[in-house]
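> Please find one structure pasted underneath; my questions will follow.
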Amino acid sequence: MNNAVLRRVVVHDRYQLELKLGYPLQKGRTTRYRIETYLFAPHSLGINATSYPQQEFFRDIQHYVRMKTPSFELREVLENPHSPLLRSEALLHIPRQALTPAEEEALRDSMRILRAVLKSAAQNYLAPIASAPSPMTLATEHDFMARVATTIDALDQIVQRYRALAGSLTDTNASAELLRAFRLTDESISLLIEDLLLRVHQLAHAWLSPPLLVTWQATLVARVHVEIDYRTAQGYPSVLRKSTRESYMRRVSALKKFTSSVLWLATSTRREGTTWEQVLFAGAAGVSMIFATLVAFYAQAAYGEFTMPVFVALVVGYMFKDRIKESGRTFSSRLLNRHLYDYRTVIETQDGRRQLGNVREKATYLPMSGVPATVMAARGAGPHDDPAFAGNIETVLLYAKLVTLRNDAFDYLSKDGVEVTAINDIMRFDVRPFLRKMDEPYEARLMLKGDKVRAVRCHRTYHLNLISVFADEAGAITCERTLVVLDRKGIQRIEQFDATGQPAAPSGRRLPLQLSEFAESE
């Protein structure tokens with residue numbers, strides 16, 4: 001089994017980066033990973049411990065933790081006994097008068113997981129057509145048509161069998177809540193199929209020559225109309241029209257959250273080391289009080305109880321007592337920051353009955369001399385000759401995470417037959433604090449064009465470099481670099497590099513088809 005942390009950085013919107021980390025579980029023992037991300041920012045952006053303290057950094061990040069979507073091939077959704085579709089059919093095909101509460105809960109979970117599994121399976125199967133062929137040939141056209149035809153056929157069979165469950169639900173006197181879950185999932189699956197086919201429709205022109213293009217686009221349009229007509233007949237309000245654009249988006253978002261929430265995990269975050277902090281602060285206060293008391297005793301023994309020297313000694317003792325106390329608090333805070341993390345997030349089941357693990361987080365500023373050599377090498381590798389890096393005029397912010405996952409707890413989650421092999425930690429980072437002190441994004445510059453001087457409009461951008469270092473218990477270390485290109489209007493693009501500076505697979509703004517080893521953070 002590959003125990004490497006899976007990492008993917010995408011642009012969520014103009015102001016937010018989305019970092020997805022996948023933590024594979026190690027069978028039979030607790031899983032631990034350490035992830036360190038070094039953020040290099042130009043000094044001109046004014047990012048430092050005073051203007052952008054660690055507390056603000058944590059305020060600008062948002063976490064979602066969820067189980068990794070169970071992995072099935074498109075055909076396996078129809079055939080694998082552990083498929084959520086087959087599990088639902090098996091539960092409903094047992095002769096009975098009514099479903100038990102446990103069976104209804106299992107059915108609700110299976111239905112909602114089906115939507116996530118179907119999306120992942122369809123995207124993985126369609127992954128080869130996300131990139132246009134060069135050049136277009138009869139073989140590439142055949143590959144495109146065969147893959148799309150197989151996808152449509154599988155989707156047709158899946159939705160036909162899923163929608164056939166409605167009769168069995170009625171026969172078993174299913175509760176109104178279960179029937180509602182069935183219909184909401186049905187509506188969400190219909191929207192998913194429509195979206196997938198429309199994206200394929202947009203890709204078709206890159207794969208097919210005009211005669212075949214017209215035929216296949218007509219086929220895709222007809223299949224999309226089938227889903228639209230079905231939702232209309234069922235009374236589902238998620239049909240996109242000019243007058244329903246706002247309500248449509250709200251409905252689509254709510255359906256995604258309803259179906260994907262079955263994979264979400266509950267989290268609770270608290271500051272780490274608060275008990276030790278109070279103990280050390282109390283110790284610092286005790287040391288300062290001992291000093292002040294000794295000064296008072298000595299002065300009284302030497303000069304008597306009510307004399308001016310005693311008065312002066314008490315005042316001086318109090319002054320030094322206060323400074324000793326504050327110095328002790330500062331020393332204690334530095335000691336705790338060196339050995340403890342800032343926050344601990346406990347991961348647990350949605351019902352709160354079982355703890356699955358925890359994530360410890362810490363953010364701190366580092367001098368250039370404190371950055372490991374491997375990180376500096378990754379920062380300097382690649383084709384970008386950045387004067388800010390060469391002159392060591394960058395601010396470095398370290399964001400460290402220590403992840404611990406209890407394997408036995410995830411075995412408990414897998415008891416219904418769908419194996420949980422990993423969890424996804426999805427973090428969104430708001431970059432707007434980095435935009436405050438940027439100059440105008442465009443500036444006119446003079447240049448020679450032949451023998452004439454022309455004014456040209458130049459784009460001013462700024463670079464953030466994120467160096468991520470991953471380490472597992474075996475000591476294996478992986479280093480990756482992400483270049484984030486910004487201007488005052490927000491994120492322009494991102495570029496990926498490995499530790500040697502070689503370009504990795506691009507992952508800028510969302511592709512025509514979202515194809516990833518991670519389930520989306522819906």
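> Conditions first: (1) modelled with pLDDT of 90 or more; (2) within 33 Å of the chain's Cα centre (by Cα); (3) open to solvent by less than 70 Å² (accessible area, probe 1.4 Å); (4) over 29 Å from LEU107 (Cβ atoms). LEU198 passes all but one, so which condition is the exception?
Condition not satisfied by LEU198: (3).
> Further, regarding this structure: Which pairs do you get when a residue that is in a helix (DSSP H, G or I), found in the stretch 45-66, comes within reach of a residue that is not hydroxyl-bearing (Ser, Thr, Tyr), reach meaning Cβ atoms under 6 angstrom, with the pair 6+ apart or on two chains?
LEU45/PHE434; LEU45/LYS437; GLN54/ALA363; PHE57/ALA363
> Could you tell me whether any residue of the stretch 504-519 is in contact with a Leu (Cβ under 8 Å, 6 or more places away or on another chain) and at pLDDT 75 or above? Break it down stepwise before answering.
The first filter runs over the stretch 504-519 and keeps only residues in contact with a Leu (Cβ under 8 Å, 6 or more places away or on another chain), leaving 512-513, 515, 517-519.
Applying the additional criterion that residues be at pLDDT 75 or above yields none.
Within the stretch 504-519, none of the residues are in contact with a Leu (Cβ under 8 Å, 6 or more places away or on another chain) and at pLDDT 75 or above.
Conditions tested, residue by residue: (1) closer than 19 Å to GLY235 by Cα; (2) of a type outside the set (Ser, Thr, Tyr); (3) crowded, with 21+ Cβ neighbours inside 10 Å.
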site: ASP153; (1), (2), (3): no, yes, no
site: ASP156; (1), (2), (3): no, yes, no
site: ARG163; (1), (2), (3): yes, yes, no
site: SER168; (1), (2), (3): no, no, no
site: ASP171; (1), (2), (3): no, yes, no
site: THR185; (1), (2), (3): yes, no, yes
site: ILE189; (1), (2), (3): yes, yes, yes
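> If you take the residues in the stretch 412-437 that are over 22 Å from ARG481 (Cβ atoms) and open to solvent by less than 60 Å² (accessible area, probe 1.4 Å), which one is modelled with the lowest pLDDT?
Selected residue: GLY417.
> Hey, could you check the stretch 440-465 for residues that are open to solvent by 80 Å² or more (accessible area, probe 1.4 Å) and among the acidic types (Asp, Glu) and say which is modelled with the lowest pLDDT?
ASP451
> Can you list residue pairs whose Cβ atoms sit under 8 Å apart, with the first residue in the stretch 21-35 being under 20 Å from PRO70 (Cβ atoms) and in a loop (DSSP other than H, G, I, E, B) and the second being of a type in the set (A, V, I, L, M, F, W, C) and open to solvent by less than 10 Å² (accessible area, probe 1.4 Å)? Count only pairs 6 or more apart in sequence or on different chains.
From the stretch 21-35, the pairs are LEU25/LEU405; LEU25/PHE410; LEU25/ALA422; LEU25/ILE423.
> Can you name every residue in the stretch 348-361 that is at negative phi and out of contact with any Lys or Arg (no Cβ under 9 Å at 6 or more places or on another chain)? Break it down stepwise before answering.
So the first thing to find is which residues in the stretch 348-361 are at negative phi, and the list is 348-351, 353-356, 358-361.
Selection gives THR349, GLN350, ASP351, ARG353.
> Could I ask something else about it? For the stretch 264-274, enumerate the residues that are open to solvent by 50 Å² or more (accessible area, probe 1.4 Å) and either at pLDDT 65 or above or under 21 Å from the mean Cα position of the chain (by Cα) (or both). If you could, list the steps in order and put the result at the bottom.
Within the stretch 264-274, the first condition is being open to solvent by 50 Å² or more (accessible area, probe 1.4 Å), and the residues that meet it are 264, 267-271, 274.
Passing the criteria: TRP264, THR267, SER268, THR269, ARG270, ARG271.
> Would you confirm whether or not the stretch 398-411 contains a residue that is over 23 Å from the mean Cα position of the chain (by Cα), closer than 30 Å to VAL262 by Cβ, modelled with pLDDT under 85 and surrounded by fewer than 16 Cβ atoms within 10 Å (Cβ to Cβ)?
Of the residues in the stretch 398-411, the ones over 23 Å from the mean Cα position of the chain (by Cα) are 408, 411.
Still in the list and also closer than 30 Å to VAL262 by Cβ: 408, 411.
Checking which are modelled with pLDDT under 85 leaves us with 408, 411.
Checking which are surrounded by fewer than 16 Cβ atoms within 10 Å (Cβ to Cβ) leaves us with 408, 411.
Yes, some residue in the stretch 398-411 is over 23 Å from the mean Cα position of the chain (by Cα), closer than 30 Å to VAL262 by Cβ, modelled with pLDDT under 85 and surrounded by fewer than 16 Cβ atoms within 10 Å (Cβ to Cβ).
> Now for a separate question. Going by what's in this entry, would GLU187 be described as part of a helix (DSSP H, G or I), acidic (Asp, Glu) and without any contact (Cβ under 8 Å) to a residue 40 or more places away in the chain? Full working, then the answer.
Working: part of a helix (DSSP H, G or I): yes; acidic (Asp, Glu): yes; without any contact (Cβ under 8 Å) to a residue 40 or more places away in the chain: no.
No.
> Here is a further query. Of the residues that sit in the stretch 54-97 and are open to solvent by 50 Å² or more (accessible area, probe 1.4 Å) and among the hydroxyl-bearing types (Ser, Thr, Tyr), which one is nearest to THR185 (Cα to Cα)?
By that ranking, first place goes to SER71.
> Collect the residues in the stretch 136-164 that are within 19 Å of HIS201 (Cα to Cα), within 33 Å of the chain's Cα centre (by Cα) and either touching a residue at least 60 places away in the same chain (Cβ under 8 Å) or not in a helix (DSSP H, G or I) (or both), keeping them in residue-number order.
Answer for the stretch 136-164, where residues must be within 19 Å of HIS201 (Cα to Cα), within 33 Å of the chain's Cα centre (by Cα) and either touching a residue at least 60 places away in the same chain (Cβ under 8 Å) or not in a helix (DSSP H, G or I) (or both): PHE144, VAL148, THR150, THR151, ILE152, ALA154.
> Regarding the stretch 3-10, can at least one residue be identified that is open to solvent by 30 Å² or more (accessible area, probe 1.4 Å) and assigned to a loop (DSSP other than H, G, I, E, B)?
yes
> If you check every pair at least six apart or on different chains, which have Cβ atoms under 6 Å apart with a residue in the stretch 251-269 that is closer than 15 Å to ASP109 by Cβ first and a residue that is polar (S, T, N, Q) second?
Pairs found: THR259/THR185; THR259/SER188.
> Starting from residues that are open to solvent by 20 Å² or more (accessible area, probe 1.4 Å) and farther than 13 Å from THR151 by Cα, keep the ones in the stretch 117-135 and report whichever is farthest from the chain's Cα centre (by Cα).
So the residue we want is PRO135.
> Let me ask something else about it. What residue, among those in the stretch 136-151 that are closer than 18 Å to ASN124 by Cα and of a type in the set (Gly, Ala, Ser), is surrounded by the most Cβ atoms within 10 Å (Cβ to Cβ)?
Result: ALA149.
> Which of the residues spanning the stretch 98-116 are open to solvent by 30 Å² or more (accessible area, probe 1.4 Å) and under 13 Å from LEU169 (Cβ atoms)?
We begin by selecting, within the stretch 98-116, every residue open to solvent by 30 Å² or more (accessible area, probe 1.4 Å); these are 98, 100-103, 105, 108-109, 112.
Residues satisfying the conditions are ALA98, GLU103, ARG108.
The values are calculated or read from the model by the stated rules, or taken from the named source; none is laboratory data. Just so it is clear, the structure is predicted and the values come from calculations on it, not from any experiment. Glycine gets a Cβ as well: all are built from the backbone with ideal geometry, and neighbour counts include every protein chain shown. These area figures cover heavy atoms from the full protein model, side chains too; ligands, DNA and RNA do not enter into them. Shrake-Rupley method; radii C 1.70, N 1.55, O 1.52, S 1.80 Å.
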